[in-house]
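First up is the structure itself, then whatever we jot down about it.
Bear in mind these aren't lab numbers, they're just calculated from the coordinates by the rules spelled out. Treat the numbers as computed from the prediction; the structure is a model and nothing was measured. Neighbour counts run over all protein chains shown; Cβ positions are idealised from the backbone, glycine included.
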Amino acid sequence: MAETTVAEVATESAETAQHEVLLTEGAAAKVASLLTQEGRDDLRLRVAVQPGGCSGLVYQLYFDERLLDGDAVRSFDTGGASLASVDVVVDRMSAPYLSGATIDFADSIEKQGFTIDNPNAAGTCACGESFH
């Protein structure tokens with residue numbers, strides 16, 4: 001029987017915990033495309049909520065190679081993009097604010113970029129950059 005260290009147990013529990021954020025196929029394909037451009041397959045999309053903005057909270061989306069204690073990870077199919085799947089990480093403090101949120105990618109004349117439809121947001125500011 002193999003001996004498991006404390007570090008391995010912490011990593012296993014962080015990787016098996018899942019969050020309730022959804023990534024659309026279009027958003028997953030865009031994340032895969034960006035990761036391919038970076039030439040890295042060890043990065044995950046981290047989604048977090050931070051204090052700030054005129055409504056009180058702002059979303060943070062960025063690539064991260066780290067897994068921290070309490071992180072929840074979920075993999076999403078990219079719909080045939082260069083990578084088969086992408087991982088989305090949400091930290092323990094942000095998870096309640098993001099539960100049930102859907103991240104999409106818009107690519108049109110009116111808007112280009114990631115959008116977040118969050119059922120937990122009671123309201124947003126006029127510019128749409130923050131919520132409460």
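The length gained on full extension between TYR97 and SER85, counted as 0.36 nm times the residue separation minus their Cα-Cα distance, comes to 1.9 nm.
The simple spin-label model puts a point 7 Å past each Cα toward its Cβ; for GLN112 and GLN18 those points are separated by 3.4 nm. As a rough guide to protection, the peptides 92-103, 35-46 ranked by mean Cβ packing within 10 Å, highest first, stand as 92-103, 35-46. Label sites at ASP69 and GLN50, each approximated as a point 7 angstrom past Cα along Cα to Cβ, lie 2.2 nm apart. In order along segment 45-50, phi translates into HN-Hα couplings of 7, 9, 10, 9, 10, 10 Hz, rounded to whole numbers, per the Karplus curve 6.51 cos²θ - 1.76 cosθ + 1.60 with θ = phi - 60° and x for Gly and Pro.
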